[in-house]
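Below is one structure, written out as structure tokens; comments come after it.
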There are 2 protein chains.
Amino acid sequence: MHQDLTSLTAFSQLLLDLPGEDPAARAAAEAREAELTKPPGSLGRLETLAAWYCGWRGVSRPVIQSPQIIVFAGNHGVTAQGVSAFPADVTAQMVGNFQNGGAAINQLARTVGAKMDVHALALDRPTADITTGPAMSEQEVCEALKTGWQAVESTSDLVVVGEMGIGNTTSAAAIALALFGGTSAEWTGRGTGVEGGALTHKAAVVARAVEANISNNINGLEALRCLGGRELAAMAGAVARARMLRIPVILDGFICTAAAACLEVAQPGALDHAVAGHVSSEPGHDKLLKNLGKEPILSLGMRLGEGSGAALAISVLKAALACHSGMATFAEAGVAGG
Amino acid sequence: MHQDLTSLTAFSQLLLDLPGEDPAARAAAEAREAELTKPPGSLGRLETLAAWYCGWRGVSRPVIQSPQIIVFAGNHGVTAQGVSAFPADVTAQMVGNFQNGGAAINQLARTVGAKMDVHALALDRPTADITTGPAMSEQEVCEALKTGWQAVESTSDLVVVGEMGIGNTTSAAAIALALFGGTSAEWTGRGTGVEGGALTHKAAVVARAVEANISNNINGLEALRCLGGRELAAMAGAVARARMLRIPVILDGFICTAAAACLEVAQPGALDHAVAGHVSSEPGHDKLLKNLGKEPILSLGMRLGEGSGAALAISVLKAALACHSGMATFAEAGVAGG
């Protein structure tokens, strides 16, 4: 792949030419569902997920064998505003924890049988404080997009992107406010655990960040550059690359979804190859998903990030395809149809 | 185990002496959760499921290695009333499909790494038509309870019970109406696919079944005998035996939950070792779960039975314990605590 990722204009051109799903593969998958030994529709969401997956892979009877989880980490200058319950050093410490296998996402990846990769993006160079101007230059955001783009393996058959970055719920809330409007308080949540007056302060920081950048002609990709962070841009790059490769994506929580929303705003339909793995307890996430028209697979009160909710949803996708592709038909099993 | 299962009186005596959870193991598990490398509470339901599981297993850092799925099948005389979209022969045909590995539950069992057993209970002798009197004699219900009791392996560390039985949503609705009141229409759903006038007819059959048996001093175990079926009684027996062995249980859909509810009504607290794996699209299921105070883990619009929703929830339980027992603590990972 030799796509030009050196400017946001070039990247937005790429988004104009995304592949679509294969209607014949989807139709064949739907026809197969009707033949399987169960009352029609009785596997509920598993059936619609299977048909969606078949359409994007372009095959009517696949199994999921090579899911890939990619965790990106970045640091945020906005932590200087006191928006997190944890110090910024924790980003690098958690990258070490990912590398040593001690984090939640490591256990989840093993449980669901996924490969996991970790990319730390210039942790020694936090993005600029978004309350005073753009988080990144165009060169910086493009480098991060490229890191995400290159992280997706063409042999993967399902992709989850996750993140770690102290301060990044502030960044995600600012993106959501810029893209979808409303008040900063509606988009601002506890993140790692801020409460009371600290939460009110965080919402004010989010509002100031959007005000400070509103002159930058906020569209999807400019929102990513001005209000995002390196790990958000990398997630967006990976989601876009997965689309080019026809690899379905499971979105994770608030931050992942905010990053992905920048693609959808830049090019409506850009997330048609992605489902929402879960809805987190970060209140802005449910609002974001509604804006994107995405129904979450899981709702378990998770709010960790790292790709954890989406990783857990891999097991649902795997089960959906195992049923779809492995079950006997009424004719094969000698069972009387309904 | 030499428990007396020859009469419902003897069985109800067993329920008086059920083991409880281990408060020390639960407390140790909760203390460990607070030390793991994540913001407190950020794994949501996974954390509470892990602590619950540890309490019932009596250990503070377990993993789930030997889940067992047990599917019971039975036939129902009430099918003579025209309550199902499928003919009664399908029960035996689907048992063959389970044995040949072609059903949804086979694929799900393999995906989540569970052992699966199938028990067909006297398929050539359907229960009596519940619109005219009790489904089973005391001897018959006790034999079915015993089949379930003996089906649970002491080496299992998690149990799912599921069912197959054309006509059994009618049976489950009658149990729910008898135990919790309301109208028959509230508890009657589409089952395998009845609609319109057939659904109204099914609700009337449910009401007649309860009227025909109301004189039988309906308590939990009598409801199971008079309105249940062999596969429902076997599920109740298995759930009770799992409790005796301190093996946590995941409940499946409407029929499984109705069978289990008979235990809870017979002995409040008898289901404390059980969680709700999912809420099905059969409308009575949500009402049943609310009556039992159980919050479902999954909500995916499934309505197949066979243990399918609970089987899928095994992956969530496995993930919860993998995180709980496998993650590094803040101290181990050298990460600054919140």
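Peptide A:300-312 has a mean of 5 when you count, residue by residue, the C-beta atoms of other protein chains within 10 Å of its C-beta. From Cα pairs below 8 angstrom and at least 6 apart in sequence, can you work out the relative contact order of chain B, rounded to a whole percent? About 24 percent, as a whole number. Taking 0.36 nm per residue of separation and subtracting the Cα-Cα distance, full extension of the segment from B:Ala80 to B:Ala10 would add 21.9 nm. Position B:Asp272: other-copy label points at 5.4 nm, ordered by increasing distance, label point 7 Å along Cα→C-beta. Across every direction, the projection of the convex hull enclosing the Cα atoms of region B:1-148 has a mean area of 12.8 nm². Relative to the other identical copies, A:Asp89 shows label-point distances of 7.5 nm, where the label point lies 7 Å from Cα along the Cβ direction and values run shortest first.
The Kirkwood hydrodynamic radius of region B:154-252, based on inverse pair distances between different Cα atoms, is 14.5 Å. Of the beta bridges in the protein assembly as shown, as assigned by DSSP with both residues counted there, near 5 percent are antiparallel. Both radii are taken from the alpha-carbon atoms of region B:65-316; with Rh as the Kirkwood radius, Rg/Rh is 0.93. Of all beta bridges DSSP finds with both residues in chain B, what is the antiparallel percent, to the nearest 5? Counting DSSP beta bridges with both partners in chain B, the antiparallel share is about 5 percent.
Calculated mean residue ellipticity at 222 nm for chain B: -15500 deg cm²/dmol, from DSSP H runs with n ≥ 4 weighted as -39500 (n - 2.57), summed, divided by the residue count and rounded to 500. Label separation (A:Arg125 vs B:Thr132): 8.5 nm, computed from points 7 Å beyond Cα along the C-beta direction. Residues in region A:101-118, backbone N under 16 Å from the label point at B:Glu332 (7 Å along the Cα-to-beta-carbon vector): list them, ranges by number please. The answer is A:101-111.
Placing unit charges on the Cβ atoms of the charged side chains and taking the dipole of chain B about its Cα centre, the candidate lying farthest along the positive direction among B:Ala122, B:Phe72, B:Val249 is B:Val249. Taken as entire DSSP H runs, the helices of chain B that both span 24 Å or more between Cα atoms along their own long axis and average 1.0 or more on the Kyte-Doolittle scale are B:308-326. Comparing B:Ser84, B:Ser137, B:Ser281 in a Gaussian network model of chain B, where Cα atoms under 10 Å apart are tied by springs, the biggest mean-square fluctuation is seen for B:Ser137. The residue in chain B that lies nearest, by its beta carbon, to the axis linking chain B with chain A is given here with the distance in whole angstrom as B:Ser315, 2. Under a 5 Å amide H cut-off, with hydrogens placed 1.01 Å from N, A:Met164 pairs with A:Phe72, A:Ala73, A:Gly74 among residues at least 5 apart or on other chains.
Over region A:219-281, the Kirkwood radius and the radius of gyration, each from Cα atoms, give a ratio Rg/Rh of 0.94.
For the options A:Ala29, A:Ala198, A:Ala234, a Gaussian network treatment of chain A with springs between C-alpha atoms closer than 10 Å singles out A:Ala198 as fluctuating the most. Spatial offset of region A:74-153 relative to region B:41-67 amounts to 29 Å, using the alpha carbon center of each. Out of every Cα-Cα pair that the protein assembly as shown contains, those further apart than 35 angstrom amount to 44 percent.
The alpha carbon convex hull volume per residue for region A:262-338 rounds to 141 Å³.
Peptide A:317-327 has a mean of 6 when you count, residue by residue, the C-beta atoms of other protein chains within 10 Å of its C-beta.
Every read-out reported here was derived from the displayed coordinates using simple, explicitly stated rules and does not represent laboratory data. If you're wondering where the values come from, they're calculated on a predicted model, not measured in any experiment. Note that we place each Cβ from the backbone using ideal geometry, even for glycine, and neighbour counts take in every protein chain shown.
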